[in-house]
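The values are calculated or read from the model by the stated rules, or taken from the named source; none is laboratory data. Just so it is clear, the model here is predicted, and its values are computed rather than measured. Note: ideal-geometry Cβ built from the backbone for every residue, glycine included; neighbour counts use all protein chains shown.
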Amino acid sequence: MSLQSFIAGVPKAELHVHHVGSASPRIVSELAARHPDAGVPSDLEGLREFFTFRDFAHFIDVYLAVVDLIRTPEDIRLLTYEVAREMAEAQNLRYAELTCTPYTSVLRGIAIEAYTEAIEDACVAAERDFGLVLRWIYDIPGESGIPAADATLEYALQHRPDALVGFGLGGPEIGVPRAQFEPHFDAARAAGLHSVPHAGETTGPETVWDSVRLLGAERIGHGCSAAEDPALLAHLAETGVVLEVCPTSNIATRAVDRIEDHPLRAFVDAGVTVTINSDDPPMFATTLNHDYEVAAGLLDLDERGVADLARAAVDASYAPEEVKARIGTEIDAHLDAHLDSSRRVAGDTP
């Protein structure tokens, strides 16, 4: 069995993957056909060109154009269920924390009650039909400022779905200081939600520091620039703050110039806990399996190392303990089966 095949078969958890950004060309095509006035191509060739990003700002523009395709509760239910199908069937995912941005859907006319009902219905169906456990992280779109933060907090506290586990902050980082959202994260944490903001993707390490100190971050989305500050790396390692690393995404958005320059190795060498994620996989022409392959190359991992990466994501997740235990057992079984097969092959070789 090749390392690529081993990776494809590893039962996985993913912690940094966006709801709308996980819409494959198949799903986007169906939504675009429903809403042709959005200006998003409905043919697959047109979508490939549409998803070729010039820089991070262009990515945001494209992302928001796809967001505009999600106009009805039925659209949300379709998106969520079909994303779950592809996660389970193509990436062997057993658990995922989808980052959702309800503010943008409510802004487009979907009542928060209908939004919540749609994602929760898809959550139940995904576990029943695909064996995939879904949980939600509600994300403040940082570019929309305090009004979006106020609304997102209200949705999280007053209309809390059963599967909501975290409170996040995404969108552009430049010109969006973390400090303004401190009261929102304080309230979310007081209500039992975990703090998981993006930081250090397109700004320096100070944004990561602010996320840890002011927002009480338990995990950091991306955190690329943390590698520039040894004191910050030491703090992350000591306190157990996890970095949600998205290698292919970082190249696509120009957060990192070349994959050879990616700071993943620096994080691991500093003792920081990392998880591997795909962020917005169809938009970046990647998959979680591919990002594991990239990480394995950057870290010189064999099958045991890949299994350890998979366990790290499970351990850093906010899954129920019984789900963590089950996936951990499945990872161990997959590795043991591979090692047994390798030993049999070696024994049969003259």
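Taking the criterion of being surrounded by fewer than 18 Cβ atoms within 10 Å (Cβ to Cβ) and under 27 Å from V62 (Cβ atoms), would at least one residue in the stretch 260-279 satisfy it?
yes
Specify which of the listed residues (A122, A118, A148) is small (G, A, S) and closer than 30 Å to D315 by Cβ.
Going through A122, A118, A148 in turn, just one is small (G, A, S) and closer than 30 Å to D315 by Cβ: A122.
For (1) under 24 Å from L79 (Cα atoms); (2) not aromatic (F, W, Y), each residue gets a yes or a no:
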position	(1), (2)
T152	yes, yes
Y155	yes, no
H159	yes, yes
A163	yes, yes
P177	no, yes
D186	no, yes
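Can A337 be described as assigned to a helix (DSSP H, G or I), out of contact with any helix residue (DSSP H, G or I) (no Cβ under 7 Å at 6 or more places or on another chain) and modelled with pLDDT of 95 or more?
Considered against the rule, which asks whether it is assigned to a helix (DSSP H, G or I), out of contact with any helix residue (DSSP H, G or I) (no Cβ under 7 Å at 6 or more places or on another chain) and modelled with pLDDT of 95 or more, A337 comes out as no.
Go through the stretch 314-325 and give me each residue that's in a helix (DSSP H, G or I) and either buried (at least 17 other Cβ atoms within 10 Å of the Cβ) or of a type in the set (V, I, T) (or both).
Hits for the stretch 314-325 are V314, A316, V323, K324.
Sort out which residues of the stretch 30-57 are among the hydroxyl-bearing types (S, T, Y) and either modelled with pLDDT of 80 or more or surrounded by 17 or more Cβ atoms within 10 Å (Cβ to Cβ) (or both), and write them in order of number.
The answer is S42, and nothing else.
Just give me the residues in the stretch 211-239 being in a helix (DSSP H, G or I), within 22 Å of P183 (Cβ to Cβ) and more than 21 Å from the chain's Cα centre (by Cα), in sequence order.
R213
Given the condition part of a helix (DSSP H, G or I) and of a type outside the set (F, W, Y), answer yes or no: does some residue in the stretch 270-287 qualify?
Checked the stretch 270-287: no residue is part of a helix (DSSP H, G or I) and of a type outside the set (F, W, Y).
Within the stretch 47-73, can you find the residues that are more than 14 Å from H35 (Cβ to Cβ) and small (G, A, S)?
Listed by number, the list holds a single entry, A57.
Exactly one condition in (1) part of a helix (DSSP H, G or I); (2) buried (at least 21 other Cβ atoms within 10 Å of the Cβ) is not met by I60; state its number.
For I60, the exception is condition (2).
Can you name the residue in the stretch 148-187 that is within 27 Å of T202 (Cα to Cα), under 17 Å from the mean Cα position of the chain (by Cα) and small (G, A, S) and is also surrounded by the most Cβ atoms within 10 Å (Cβ to Cβ) among such residues?
G168
Taking only the stretch 137-190 into account, find how many residues are outside any helix (DSSP H, G or I) and on the phi > 0 side of the Ramachandran plot.
Looking only at that region, the number is 2.
Could you check the stretch 43-64 and list, in sequence order, the residues that are in contact with a Lys or Arg (Cβ under 9 Å, 6 or more places away or on another chain) and more than 22 Å from P172 (Cα to Cα)?
L44
Name the single residue that is modelled with the highest pLDDT among those in the stretch 68-93 being buried (at least 20 other Cβ atoms within 10 Å of the Cβ) and not in a helix (DSSP H, G or I).
L93
Here is a list: R265, R311, R344. Which entry is among the basic types (K, R) and within 30 Å of D55 (Cβ to Cβ)?
R265
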